[in-house]
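Visitor: Take this structure first; my questions come after.
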Amino acid sequence: MTPLAPPLGGDQLLWFLVQIALLLAVATLLGRLAMRCGMPPIVGELCTGVLLGPSLLGSVAPGVAERLLPRGAEAAHLVDAVSQIGVLLLVGLAATQLDFTVLRRRRSAAVWVSGAGLVVPFVLGLALGHALPGELLPAGVDRTVFALFLSVAMCVSAIPVIAKTLTDMRLLHRDVAQLALMAGTLDDVMAWFMLSVVAAMAASALTAGAVATSVLVLVAFVAVAVVVGLPLLRRLLVRIHASDEPRLRIPAIVVVIIVGATVSHALGLEAVFGAFLAGALVGRAGGSGGLGALRTVVLTVLAPLFLATAGLRVDFTTLAGGKMIAVAAAALVVAIVGKFAGAYLGARLSRLGLWEGTALGAAMNARGVVEIVIATVGLRLGILDIRFYTIIVLVAVVTSIMAPPLLRIAMRRIEETPEEQRRAVLQDA
């Protein structure tokens, strides 16, 4: 039997605690500063890692940065593990708030918004990838593979950031927010699938069988979760409600969300998708109430840590030179215009109003850490070099910062319905 790994050494534990305390403190302070500027805390929390990472502190005082936030694999993995729990619980809790009555009534709108929000930026990203001068492309990368990867990066949304933004702005009870979450989920499912296809192309292993297998695994996972998992979850919640230990509700739901993420990851899908599906099933089974304590911990501790950690690998100092700045500007325009126009077009085609379309375009435009994860995959596969990695991360940060003020402007012009007011009361319970 293999012996257990030794516990953390004293020095490792010390600096792990320093990192957690520093990231959380700065994220909280910047989040409060963002609120004073009329923006949700997510704006400040996203900037925390950028300020403490190589983009600022690492350039101005590299010795201090290395001492405070060691970049070794072991130290980074410890913080990453905590932040991953945060993002999974954030997404899962957001999914518990989905109102399936609204989604059934407006499912065509979600499909239209998601579909147009994928196609328009994908086409524009493909055009940008093919228009770039050959000398600017990463060395040794096939242009078609690079252009397809860029297209995937342009069309993705970020359920974690959308969920955090809507939660911070207390908008999850609104119908438009429900549609944004559903359309964003559809977008992310398709984006992760397309990413797997492009990754297979980069590895010269793309076959029709592999694509078909990926689709079948995804469909089977959702089907089994609904047919088998939902009834079991209902029984579990009924037993907890009837027991003398109602406090078991929160740890039970946390376990359900983590198990959903685990199964999804084991199947080769994105763990965040499994957490979202598990949270949606919890809400469908009537388990969305009584989670106020968990929601407070996730939103004020774990989620800020997750958002702060995401920026630590960003290095904007690598983006230098007139040509690369022009490429970065073009990528920003394609990402922002493509996603916003696509989601807005989908909303209008489904007969939603002007301001509803504007709100959906603003929400869907947030890329957040999902974009950073995709950039990391591209870097690992050799499809991106550090320059294009930085550009894609720049898109993630800018679009996430843009979303809240645009959402606030649009939502002020959409009248709140009695049903939405009732849902708000239930969510605050």
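Visitor: Of all residues in region 128-142 being without any contact (Cβ under 8 Å) to a residue 12 or more places away in the chain and part of a helix (DSSP H, G or I), which is farthest from residue 381 (Cα to Cα)?
Guide: 131
Visitor: Might you let me know whether region 324-332 holds any residue that is modelled with pLDDT of 90 or more and within 22 Å of residue 175 (Cβ to Cβ)?
Guide: No; the residues of region 324-332 include none that is modelled with pLDDT of 90 or more and within 22 Å of residue 175 (Cβ to Cβ).
Visitor: Mind checking whether some residue in region 149-166 is at pLDDT 75 or above and open to solvent by 20 Å² or more (accessible area, probe 1.4 Å)?
Guide: no
Visitor: Right, another one. Since residue 414 meets every condition but one in (1) part of a helix (DSSP H, G or I); (2) hydrophobic (A, V, I, L, M, F, W, C); (3) surrounded by 15 or more Cβ atoms within 10 Å (Cβ to Cβ), which condition does it not meet?
Guide: Unmet condition: (1).
For every residue, the table says whether it meets (1) of a type outside the set (Asp, Glu); (2) more than 21 Å from the chain's Cα centre (by Cα).
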{"residue": "58", "(1), (2)": "yes, yes"}
{"residue": "63", "(1), (2)": "yes, yes"}
{"residue": "86", "(1), (2)": "yes, no"}
{"residue": "108", "(1), (2)": "yes, yes"}
{"residue": "118", "(1), (2)": "yes, no"}
{"residue": "121", "(1), (2)": "yes, no"}
{"residue": "131", "(1), (2)": "yes, yes"}
{"residue": "135", "(1), (2)": "no, yes"}
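Visitor: Same structure again: Could you say whether any residue in region 181-203 is of a type outside the set (Lys, Arg) and at pLDDT 85 or above?
Guide: Checked against the condition, which is being of a type outside the set (Lys, Arg) and at pLDDT 85 or above, region 181-203 yields at least one hit.
Visitor: Kindly indicate whether residue 145 is outside any loop (DSSP other than H, G, I, E, B) and open to solvent by 10 Å² or more (accessible area, probe 1.4 Å).
Guide: yes
Visitor: Shifting gears a bit: Somewhere in region 192-204, is a residue closer than 30 Å to residue 417 by Cβ, out of contact with any helix residue (DSSP H, G or I) (no Cβ under 6 Å at 6 or more places or on another chain), open to solvent by 50 Å² or more (accessible area, probe 1.4 Å) and not charged (D, E, K, R)?
Guide: No, region 192-204 contains no residue that is closer than 30 Å to residue 417 by Cβ, out of contact with any helix residue (DSSP H, G or I) (no Cβ under 6 Å at 6 or more places or on another chain), open to solvent by 50 Å² or more (accessible area, probe 1.4 Å) and not charged (D, E, K, R).
Visitor: Oh, and also: Just give me the residues in region 259-299 being surrounded by fewer than 15 Cβ atoms within 10 Å (Cβ to Cβ), farther than 19 Å from residue 227 by Cα and without any contact (Cβ under 8 Å) to a residue 24 or more places away in the chain, in sequence order.
Guide: Scanning region 259-299 gives 266, 296, 297.
Visitor: Would you call residue 225 surrounded by fewer than 17 Cβ atoms within 10 Å (Cβ to Cβ) and either of a type in the set (A, V, I, L, M, F, W, C) or within 23 Å of residue 97 (Cβ to Cβ) (or both)?
Guide: no
Visitor: Right, something else. Would you mention how many residues in region 378-396 are in contact with a Phe, Trp or Tyr (Cβ under 9 Å, 6 or more places away or on another chain) and hydrophobic (A, V, I, L, M, F, W, C)?
Guide: 7
Visitor: When only residues in region 27-69 that are outside any helix (DSSP H, G or I) and open to solvent by less than 70 Å² (accessible area, probe 1.4 Å) count, which is farthest from residue 170 (Cα to Cα)? Talk me through it step by step, then tell me what you get.
Guide: Restricting attention to region 27-69, the residues satisfying the condition of being outside any helix (DSSP H, G or I) are 37-40, 53-56, 61, 69.
Next cut, open to solvent by less than 70 Å² (accessible area, probe 1.4 Å) only: 38-40, 53-55, 61, 69.
Working: 38: 14, 39: 13, 40: 10, 53: 30, 54: 33, 55: 32, 61: 38, 69: 33 Å.
The qualifying residue farthest from residue 170 (Cα to Cα) is 61.
Visitor: Name the helices (runs of 4 or more DSSP H) wholly inside region 292-411 in which the number of residues that are under 19 Å from the mean Cα position of the chain (by Cα) and either polar (S, T, N, Q) or farther than 25 Å from residue 22 by Cβ (or both) is 3 or more.
Guide: Output list reads 322-349, 354-364, 368-381, 386-411.
Visitor: Taking the criterion of being aromatic (Phe, Trp, Tyr) and open to solvent by 60 Å² or more (accessible area, probe 1.4 Å), would at least one residue in region 368-388 satisfy it?
Guide: No, region 368-388 has no match at all.
Visitor: Suppose we filter 118, 78 for residues that are under 17 Å from residue 162 (Cα atoms), modelled with pLDDT of 75 or more and assigned to a helix (DSSP H, G or I); which single one remains? Steps first, please.
Guide: Working: 78 fails: under 17 Å from residue 162 (Cα atoms).
Answer to the check: 118.
Visitor: Another question, then. Looking only at residues that are in contact with a Ser or Thr (Cβ under 9 Å, 6 or more places away or on another chain) and among the β-branched types (Val, Ile, Thr) in region 103-142, which one is least open to solvent (accessible area, probe 1.4 Å)?
Guide: Ranking the qualifying residues of region 103-142, first place goes to 113.
Visitor: Could you say whether any residue in region 330-337 is farther than 25 Å from residue 127 by Cα and open to solvent by 30 Å² or more (accessible area, probe 1.4 Å)?
Guide: no
Visitor: Further question on the same structure: Could you count how many residues in region 244-291 are among the polar types (S, T, N, Q) and more than 19 Å from the chain's Cα centre (by Cα)?
Guide: 1
Visitor: Please name all residue pairs, on different chains or six or more residues apart, with Cβ atoms under 9 Å, provided the first residue is in region 227-250 and is closer than 15 Å to residue 280 by Cα and the second residue is open to solvent by 100 Å² or more (accessible area, probe 1.4 Å).
Guide: Hits for this filter: 230/284; 233/284; 234/284.
The values are calculated or read from the model by the stated rules, or taken from the named source; none is laboratory data. These numbers were taken from a predicted model, which means no experiment stands behind them. With ideal geometry, Cβ positions are generated from the backbone for all residues, glycine too; neighbour counts draw on all protein chains shown. These accessible areas exclude ligands, DNA and RNA; they are computed on the full protein's heavy atoms, side chains included. Shrake-Rupley method; radii C 1.70, N 1.55, O 1.52, S 1.80 Å.
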